[in-house]
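The values are calculated or read from the model by the stated rules, or taken from the named source; none is laboratory data. Source: prediction; values computed, not measured. All Cβ positions, even for glycine, are placed from backbone atoms using ideal geometry, and neighbour counts span all protein chains on display.
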Amino acid sequence: MPILHAGRSDAQSRRQEMPILHAGRSDAQSRPKISQPPHGSALRKGRHSIPNQIYLVTTVTQNRLPVFADFHSARILVKVLKTEHQLHRAETLAFVVMPDHLHWLMQLGSVRVLSRVVQSVKAASAQKIGKPIWQAGYHDHALRREEDLPAVARYLVANPLRAGLVSRIGDYPHWDATWL
């Protein structure tokens, strides 16, 4: 009679004790391989850029250095976002420039794909600040039309509050939202 582990059925105990072998493979070959985290290019596979789609984009500075704790550098980034709007590449719906990253709620225009718009913002801001400042890549989330955009914007611009940088959002100088 097999010994059962507390709380387990006979079948569960056998599954744990017996290795699963596939035909023609040794036990070592059958074990799942632990892989490295995906490279940035692997993360970009399947990324789509849709004209007029609303995206929430987040990008961070190299080594999370607080480049935008400097008022002048933060304002440069804000001006670059405005330039993207003037060039009809993206309409800014809301943004917050944190000391070491940017959250940008935007509607992509029809002139450029998302990756080129983000690349343009990062390149222009780094050039105007005078040094490389950005980590490679970015995170984007395409918002569905039924998502509550003003609520997303409120959550986004409340980042300085949650980070403890200010006690009132009105005291933080580097944010804006069309609804607020």
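No other residue among LEU165, LEU149, LEU143 is among the hydrophobic types (A, V, I, L, M, F, W, C) and under 15 Å from PRO99 (Cα atoms) apart from LEU165. Against the criterion of being at pLDDT 95 or above and surrounded by 10 or more Cβ atoms within 10 Å (Cβ to Cβ), ILE54 qualifies.
Counting only strands (runs of 3 or more DSSP E) that fall entirely inside the range 69-180 and contain at least 2 residues that are surrounded by 20 or more Cβ atoms within 10 Å (Cβ to Cβ), the qualifying elements are 90-98, 101-108. Pairs are defined by a Cβ separation below 7 Å, a sequence spacing of at least 6 or placement on different chains, a first member in the range 78-94 that is closer than 23 Å to ARG145 by Cα and modelled with pLDDT of 95 or more, and a second member that is surrounded by fewer than 19 Cβ atoms within 10 Å (Cβ to Cβ) and charged (D, E, K, R); the pairs so defined are ALA94/ASP176.
The residues of the range 58-68 that are assigned to a helix (DSSP H, G or I) and in contact with a Pro (Cβ under 6 Å, 6 or more places away or on another chain) amount to a single one, PHE68. Looking at ALA158, is it within 19 Å of the chain's Cα centre (by Cα), within 14 Å of VAL97 (Cα to Cα) and in contact (Cβ under 8 Å) with a residue 24 or more places away in the chain? So ALA158 fails the test.
Being modelled with pLDDT under 95, outside any loop (DSSP other than H, G, I, E, B) and of a type outside the set (Gly, Ala, Ser) narrows it down to one of GLN36, GLN29, so name that one. Show your work before the answer.
Working: GLN36 fails: outside any loop (DSSP other than H, G, I, E, B).
Only one candidate passes the filter, namely GLN29.
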